[in-house]
1. Compare the peptides 101-110, 69-78 by average per-residue count of other Cβ atoms within 10 angstrom and give them in order, highest first.
2. Tell me, what is the FRET efficiency for Asp122 and Arg60 to the nearest 0.05, using R0 = 41 angstrom and their Cβ-Cβ distance as r?
3. Residues of segment 73-103 with backbone nitrogen within less than 19 Å of a virtual label 7 Å along the Cα-to-Cβ line of Lys190, please, listed as ranges.
4. Evaluate the distance, in nm, between pseudo-label points positioned 7 Å from the Cα of Tyr85 and of Val167 along their respective Cα→Cβ axes.
5. Classify segment 9-95 as rounded, prolate or oblate from the Cα gyration tensor: take a ≥ b ≥ c as the square roots of its eigenvalues, call it rounded if a/c is under 1.5, otherwise prolate when a/b beats b/c and oblate if not.
6. Please list, in order, the residues from segment 111-141 whose amide nitrogen is less than 16 Å from a point placed 7 Å along the Cα→Cβ vector of Glu158.
7. State the extension gain, in nm to one decimal, for the chain segment bounded by Gln16 and Ser181, taking 0.36 nm per residue of separation less the distance between their alpha-carbons.
8. Can you tell me the alpha carbon radius of gyration of segment 98-186 divided by the globular rule-of-thumb value 2.2 N^0.38 Å?
Amino acid sequence: MKRSKINLIIDRDNYQKYEKFFYYFKLFFYCLMIVFFLTFFIFFFLINKKNQTTNQLNQRKKALLEVLKEKQGDEVKMYYIQQKYNDLVDFYKEDVFTLTYYQLLTQALKQSSEEATLKSFDISKNRDVSFIISFSDFPKMMSFFKFIESSIFLKNFEQISLKSFSVLGNEVDKKENYELSFVGKFIQVKTNINL
């Protein structure tokens, strides 16, 4: 038999059954949507927070790398200064302190009552010295010999001896100059340089 019309009264139980099913399905779907959106927002919030932290760390890394680039130049300068300091220390280990010994000799010559002129001065690193003193007058040179035998002059040397005596003439003025050449060794002088 063929039905042309639907009788809703007869199939009412089946319809309520489907209605219940769709009600629970709709409820389940809404719950699922709520869980999905909550999960989505939680993950969105966490990922956004993580991205902000990563961006801050990247910016900090860039800033530190820039500072490091600037500091590399400073590091090269510090290395250069350290090398120069080491060179200075090495120099002072080998230095004779020529000026100190030169001043020691010139002060001793000033204490002489005679006109003595220091013509040349040469000193080695182990304090061996050679110098030439010149005079314009023979009697002044002879009286200078007394001074070089005095303790004022000899206290500056461990040993000293006269190497040579020279008479140099000037043809224009017809004047003679006398030169005494000495060799010896200075006493050890303490310096105030501490490295």
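Nothing in this text is a laboratory measurement; each read-out follows from the coordinates by a stated rule. Note that the structure is predicted; figures quoted are calculated from it, not measured. Cβ coordinates were reconstructed from backbone atoms using ideal geometry, including for glycine residues, and neighbour counts include every protein chain displayed.
1. Values: 101-110: 15.4, 69-78: 10.1.
The packing order, highest mean first, is 101-110, 69-78.
2. Numbers: r = 64 Å, r/R0 = 1.56.
Efficiency for this residue pair is about 0.05.
3. Of the residues in segment 73-103, 93, 96-98, 100-101 have backbone N under 19 Å from the label point off Lys190.
4. The modelled label-to-label distance comes out at 6.0 nm.
5. On the way: a/c = 15.32, a/b = 9.51, b/c = 1.61.
In terms of gyration-tensor shape, prolate.
6. Backbone N within reach: 123-130.
7. On the way: separation 165, 0.36 × 165 = 59.40 nm, distance 13.79 nm.
Gain in length upon complete extension: 45.6 nm.
8. Taking the Cα Rg and dividing by 2.2 N^0.38 Å, one obtains 1.09.
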